[in-house]
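Accompanying notes for the structure given below.
The values are calculated or read from the model by the stated rules, or taken from the named source; none is laboratory data. These numbers come from a predicted model, not from an experiment. Positions of Cβ are backbone-derived with ideal geometry, glycine not excepted, and every protein chain shown enters the neighbour counts.
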Amino acid sequence: MPPEWAEHESTWISWPHKEASWPGRFEPVPDVFADITAALSRYETVNINVLDEAMESDALERIGRRTDGPEQLRRVRFHRIATNDAWCRDHGPNYVFMEEGERKRKVIVDWRYNAWGGKYEPYDLDDSVPGKIAALQGLSTVDPGMVLEGGSIDVNGRGLLLTTEACLLNPNRNPAMTKEEIEERLMRFLGVGKVLWLEKGITGDDTDGHVDDIARFVDERTVVAAVEEDPADENYGILRENYRRLQGLTDMDGRSLDVVKLPMPDPVVLENERLPASYANFYIANRQVLVPLYRSARDAEALDVLRSCFPGREIVGIDCTDLVWGLGAIHCVTHEEPAAPPEA
């Protein structure tokens, strides 16, 4: 599995339509997706799953208001692939390269999807998305026989995979599998040599602790780690323990990882509910990094940290205050499709 910063063929998005995911506050959400799409389509193709012609027309109109004209809009492509919800990071296609002698062939690993342990039904349409995209693209699928969401893992492309115990070892995912069996499955189907385990995720995260809210690779040996400096904050101890673990982890050659602190935003609370707002939920695109912002005094600091981590990419902040009411941000709604390697 290539790292997210590898060249993209495209980005996949599932257009939002499930109002219950943003109860009482769905109206601004499609415009946030349009902001994300408009930013991405400046430099890469964006493939969007929609239910029907009406949804496509509405999405196209919203995106068109934010783009620079027909040439950019040509990089936005719609597909009639039905979904239950919009969290494409978790139900979307996990592309890997299967090695066949001297050649590499792009395939889709079709992990099973059960809406974060059966929390939100139905989820059958979401579970079928990778197979439908594979059929659309003429690609083969591989079935690992295991539940896994894209937001629960992060790879560096050089043998390392970062995840959390709270999510992958939760009995609501793969109750019959041991930790060792889960590691073996990840190594076999994602081509990694070492699984790096953090403990748990941030407050308000209904996924049981996805790693893409707490720690992310930014290059082969560097991880940005969300930290909370206020001891009174609910996330202080959680993130302190994960940071401690990261400092003790090593790469495939036994070298310590470089760990960069990324601040947490001020708490985002809506209707007395603490939301899982995190700057770590950024998305690495071909020439950009899209960063969620939360109208917080710490937004600027987070942008500066990520700017230092990605000197060759434009850092684009997108207001996700409305989006995170659905308990996710930019990384949760995007999924990269890597470009084929030169030898393929």
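For this structure, a couple of remarks:
- Residues of the stretch 177-223 that turn out to be in contact (Cβ under 8 Å) with a residue 40 or more places away in the chain and over 26 Å from LEU270 (Cβ atoms), as a count: 19
- Residue satisfying all of: in the stretch 259-293; β-branched (Val, Ile, Thr) and in contact with a helix residue (DSSP H, G or I) (Cβ under 7 Å, 6 or more places away or on another chain); surrounded by the fewest Cβ atoms within 10 Å (Cβ to Cβ) among these: VAL260
- Helices (runs of 4 or more DSSP H) enclosed by the stretch 106-205 - at least 2 residues per element that are of a type in the set (Gly, Ala, Ser) and under 29 Å from HIS8 (Cα atoms): 129-137
- Boolean, VAL50 is more than 25 Å from PRO341 (Cα to Cα), in contact (Cβ under 8 Å) with a residue 40 or more places away in the chain and in contact with a helix residue (DSSP H, G or I) (Cβ under 9 Å, 6 or more places away or on another chain): no
- Restricting the stretch 88-98 to residues that are within 14 Å of GLY191 (Cα to Cα) and in contact (Cβ under 8 Å) with a residue 60 or more places away in the chain, the residue that is surrounded by the most Cβ atoms within 10 Å (Cβ to Cβ) is TYR95.
- Filtered residue count, the stretch 101-122, keeping only those that are at pLDDT below 95 and small (Gly, Ala, Ser): 1
- Flag for ARG173 being surrounded by 15 or more Cβ atoms within 10 Å (Cβ to Cβ), under 18 Å from MET98 (Cα atoms) and among the basic types (Lys, Arg): no
- Selection within the stretch 271-318 - of a type in the set (Asp, Glu) and either touching a residue at least 60 places away in the same chain (Cβ under 8 Å) or out of contact with any strand residue (DSSP E or B) (no Cβ under 6 Å at 6 or more places or on another chain) (or both): GLU271, GLU273, ASP304
- Qualifying residue in the stretch 213-224 (condition: of a type outside the set (D, E, K, R), in a loop (DSSP other than H, G, I, E, B), buried (at least 22 other Cβ atoms within 10 Å of the Cβ) and within 18 Å of the chain's Cα centre (by Cα)): yes
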